[in-house]
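A.B. asks: Following this message is one structure expressed as C-alpha cells.
The values are calculated or read from the model by the stated rules, or taken from the named source; none is laboratory data. What you see is a predicted model, and the numbers here were worked out from it, not measured in a lab. Ideal geometry is used to build each Cβ from the backbone, glycine not excepted, and the neighbour counts take in all protein chains shown. Only protein heavy atoms, including side chains, enter the accessible area calculation; ligands, DNA and RNA are left aside. Shrake-Rupley method; radii C 1.70, N 1.55, O 1.52, S 1.80 Å.
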Amino acid sequence: MPSLNDATGSRVLFGGDYNPEQWPEETWLDDVRLMREAAVTSVTVGVFSWARIEPRPGERDFGWLDRLMDLLHQHGIGVVLATPTASPPAWMGSRHPETLPRGEDGSVIWYGSRQHFCPSSPVYRAYAAAITEDLAERYGDHPALRMWHVNNEYCTFCWCDETARHFRRWLRHRYTTTEALNEAWGTAFWSQRYDTWDEVIPPRKAQYLRNPSCTLDFRRFTSDALLECFTAERDIVAARTPHIPVTTNFMPFWTGQDAWAWAREEDVVSVDVYPDPTDPLAGQYGAMIQDMTRSQARGPWMVMEQAAGAVNFRSVNVPKPRGLGRLWSLQSVARGADAVCHFQWRQSRQGSEKFHSAMLPHAGEHGRVHQEIRQIGAELSRCGERVAGTHVVSQVAILHDWESWWAGEQEGRLSARVHYPAIVRAWHRALWEAGVTTDFAHPEHDLSAYRLVVVPHLYLLTDTAVDNLVAYVRGGGVLVSGFLTGAADRDDRIRPGGMDERLRDLFGIRMVQERWPLPEGEEVACDGPRPFRGTLWAEELEPSDAETVAAYRSGELAGLPAVLRRGRAWYVSTLPEPAALSELLTRIADEAGVRPVVEDLPPGVEAVRRGDLLFLLNHAPGPVTVGLPGQYRELLTGGPVDGSVRLERHGVAVLA
Ligand code: GLA
C-alpha cells in the first residue's frame, strides 16, 4: 500500500491548491517561477475543474491540463491531482436534475455554487466514474503525479427519493427484517411501526420530533454513502496506479463523516485546518485537529489546506498577523504533518473566494504574506529531512466517536447547550495547557499502549466499547470520564440505571438518579481539594463504593458527589471550569505516570516531541523565555541553545 512517504520523498511537502484555469496561460510561467522561489514542492490541481475538462457531457478537454502538468514537471513541482467530482458542471444539474440534492423539506439544492450532488445518484456516480477513469488513464504515468486527491471535503446531505431507496438498502443490510428495524428504532413509540421496507423514508421534515434512532442511522448511512463515492473513485485510480497514494481532504472535526472509518480507506489522511486568528486559544484548536488527524492516520499525515492569511467564511475575516502562519505551519509539523499545503496558491480576482487569502496574494510577490510563505518554504526544506516519517508518541488518548456525537445531539435531548465538539475541546485544552501531548482513539480501539484514557463525553457506547474500557482499567490503565457517558447503547436505547451497569460498577456508582443540565448563566459550586465551578451539567449520583473527590456545594445537589473515583477509574459529572479541569487532569495524569513534555513551561508555550526533535511553539501574546535542561542545537538557525531559549511572539524553536 503506498504511503505519504511515496509522495514526499522523505521531505516535508510544501505547496497548495493551484487553480490556474482562472488565469491566462502567460500567468502560469510566472506562477512556476514564483513557486520555485518559494520552495513549493507540490501543488494540488483540478479540484474544481470538471466543467473545464468536460465542457459538455462526454466531451474531454485535456489540452490545458496536459500543458500544465508538463510545465509543473519541467520546474520540478509535483502534482496532487484531484478528481473534479466535488463540483459537477451546470449541464449535469440542468439535464439531470435528479443528481441535485434535496433538503429535509424536499426543496432542491441548486447548482451555482459547489458540492451540489446527491451521493446516491447513479447518474452522478456514473459521470464521476467516467471522468476519474479518463484522468487516471491520461495522467497515471505522468512524471509529475505524486498523489490522487479524490473529490473535496465530502459534505453533502440529501433526502431525495433516490436517497430513500439507497437508505432502505443500507437498512436491510443492517437489520435484515423490518421486525429487527422496528425493535432497534423503538417504533412502538408514537405508532411509528413499519410494516414493509417501502414505507421507510429518511428523516424528512416532520410535524414534531423525529425518531432519534432513525436519525442516527441516517447519519451513519450518509457517511457510508459518501464513503462509497470515495472508494469508487479510489478504486479506479488505484487500479491504474497502485503505487500512487490516494487521499481525500477532511474538514476538521466535521460532523458528517465518521473519519475513523474513512481513514481506514485512505493511503494518506489529510485535513483542512482553519483556526480563527482572533481566537486566543486557536493554537489549542489547531493542536486538537492535528492530534485527531495524526491518530486517524496512525502516523504522518497531511495538511491539505490552510489559509496564508484571512479566510472568507466567518462573519469577520481578519488576516494572520506576521509570524502566525509560520507558527501554525511548524505546529502541524511538530504534531506529525509531513505536508503543509494551503488554499490556494494565487488569490482569485473573481468568484466567491476572491477575498480569501492565498500564498500569492493580491499584493503580489513583494507582499508581506508571500514573503512569509517563502520563509516557511525555506525552513521546511531545511528541517524536512529530519522530521519526515518520524512519529509523535503519546501516553494519553482522548476517546472520540462520531456515532456518539450524532446520537447525543438529537432533537429532544436534555440540553441544547451541550455541544459535543466544545466538550471534547475543553478536555483537550486541559491537557494541552498541562503540557501533555494526546492522541485520539475510537472507544473500541486497543488502548493498552496508553497510561491514561480520557473520555470527554461518550453518550453512546456499544457493548464492545464498554467491555474495552473495563478491560483497559482491569489491565492497569487509568480512565477518566466526563458526564453522560455510557447512557445509551448502539441503537440509542437508554441503559437501565442511567448508565451501563459494567461502567457503574467500574466507577462505583449505584445509580444515576437524575441529570441536571444547567440553564444559560448558571453554574454550580463544587468543593474539592480546591473549590471550583461546574458548568453546563450536573448529575445526581448515588455512589456505591466510590470515593468522593469533589462534591456539589450549591443548588439541589449540595452534598452529592461531583467527581468520584473508584481506584483507577474517575467520573466527572459536570464540566469543571477550565483551570479546575486542567488541575484535575494534571493530578490524574501524574498518578498515571504521565509527565508533561517539558516541565514548567510559561503559559501559552507548547512543547511537542517528534522523533528526536523538540518543538517549542509560542502562542502567548508576547516574547517568552523557556528554561531547558541540557544543550541543544536550533535547527532553523543552526545556533546552539544552552540552558534557555527566547521565543519571540509567534516564535518557534526546533531543537535537536
Ligand atoms: C475549503 C475548500 C476550499 C476552499 C477553502 C476556503 O477548505 O476545500 O476549496 O473553499 O475551504 O477556506
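A.B. asks: Do the sum for the chain: with -39,500 (n - 2.57) for every DSSP H run of n ≥ 4, divided by all residues, what is the mean residue ellipticity at 222 nm, to the nearest 500 deg cm²/dmol?
C.D. replies: Working: 18 runs with 216 residues, N = 656.
Helix contribution divided over all residues of the chain: -10000 deg cm²/dmol.
A.B. asks: If you don't mind, there's one more thing I want to ask. From zero outward in steps of 5 Å, how is the percent of C-alpha pairs of region 397-591 spread across the bins?
C.D. replies: 1, 8, 18, 22, 23, 18, 8, 1, 0
A.B. asks: Also, quick follow-up: Going by average Cβ neighbours within 10 Å, how do the peptides 471-479, 117-125 rank, with the highest at the top?
C.D. replies: Working: 471-479: 17.0, 117-125: 22.1.
Descending packing order for the listed peptides: 117-125, 471-479.
A.B. asks: What's the Kirkwood radius of region 548-592 in Å, using all Cα pairs?
C.D. replies: Values: mean 1/r = 0.0897 Å⁻¹.
Evaluated on region 548-592, it is 11.1 Å.
A.B. asks: Still on this model: Sort Lys354, Lys205 by heavy-atom solvent-accessible area, probe 1.4 angstrom, most to least.
C.D. replies: Numbers: Lys354 75, Lys205 150 Å².
Output order, biggest surface exposure first: Lys205, Lys354.
A.B. asks: OK, next. For region 556-628, state the average projected area of the convex hull of the C-alpha atoms over all orientations, rounded to one decimal in nm². Don't jump to the answer; show the numbers that get you there.
C.D. replies: Details: hull surface 29.6 nm².
Projected over every direction and averaged, the Cα hull of region 556-628 covers 7.4 nm².
A.B. asks: Moving on to the next point. Find the centroid of the Cα atoms in region 192-233 and in region 259-305, then give the distance between the two in whole Å.
C.D. replies: That distance is 28 Å.
A.B. asks: Let me ask something else about it. Taking all protein chains as present, what is the carbon and sulfur share of the accessible area of the chain, in % to the nearest whole number, probe 1.4 Å? Please list the in-between numbers first.
C.D. replies: Working: 12710 of 25580 Å².
Of all accessible area on the chain, carbon and sulfur atoms account for 50 percent.
A.B. asks: Can I ask one more? Ranking request for peptides 295-303, 261-269: highest mean number of other beta-carbon atoms within 10 Å first, then the rest in descending order.
C.D. replies: Numbers: 295-303: 23.6, 261-269: 19.3.
Going from most to least packed, we get 295-303, 261-269.
A.B. asks: In sequence order, what are the phi-derived ³J(HN,Hα) couplings for region 639-653 according to the Karplus relation 6.51 cos²θ - 1.76 cosθ + 1.60 with θ = phi - 60°, rounded to whole Hz, with x for glycine and proline?
C.D. replies: Going residue by residue, I get x, x, 10, 9, x, 7, 9, 9, 10, 5, 4, 6, x, 9, 10 Hz, with x marking Gly and Pro.
A.B. asks: Compute all pairwise cysteine Cβ distances in the chain, then list the cysteines with no distance under 4.7 Å to another cysteine.
C.D. replies: Singleton cysteines: Cys155, Cys160, Cys214, Cys229, Cys341, Cys383, Cys526.
A.B. asks: With θ taken as phi - 60° and the coefficients 6.51, -1.76 and 1.60, list the Karplus ³J(HN,Hα) couplings across region 516-521 in order, rounded to whole Hz; mark glycine and proline as x.
C.D. replies: 10, x, 8, x, 3, x
A.B. asks: Met1 label point, 7 Å along Cα→Cβ, cut-off 12 Å on backbone N: hits in region 283-299?
C.D. replies: Taking a point 7 Å out along Cα→Cβ of Met1, the residues of region 283-299 whose backbone N falls under 12 Å are 297-299.
A.B. asks: Let me ask something else about it. If each residue of separation counts as 0.36 nm, what is the full-extension length gain between Val316 and Ser107 once their alpha-carbon separation is subtracted?
C.D. replies: Values: separation 209, 0.36 × 209 = 75.24 nm, distance 2.98 nm.
So the extension gain works out to 72.3 nm.
A.B. asks: Could you quote the convex hull projected area for the chain, Cα atoms only and averaged over all directions, in nm²? Before the final figure, lay out each step's value.
C.D. replies: Values: hull surface 116.0 nm².
About 29.0 nm², averaged over all directions.
A.B. asks: Quick check on packing: order 591-599, 58-66 by the mean number of other C-beta atoms within 10 Å, highest mean leading.
C.D. replies: Details: 591-599: 15.3, 58-66: 13.1.
Peptide ranking by packing, descending: 591-599, 58-66.
A.B. asks: How many Å² of accessible area per residue for the chain, probe 1.4 Å? Each step should come with its number before you reach the end.
C.D. replies: Details: 25580 Å² over 656 residues.
Result: 39 Å² of accessible area for each residue.
A.B. asks: Another one. Work out how far the C-alpha atoms of region 208-261 reach from end to end along every principal axis, then list the three figures in whole Å, largest first.
C.D. replies: For region 208-261, the Cα spread along each principal axis is 51, 21, 14 Å.
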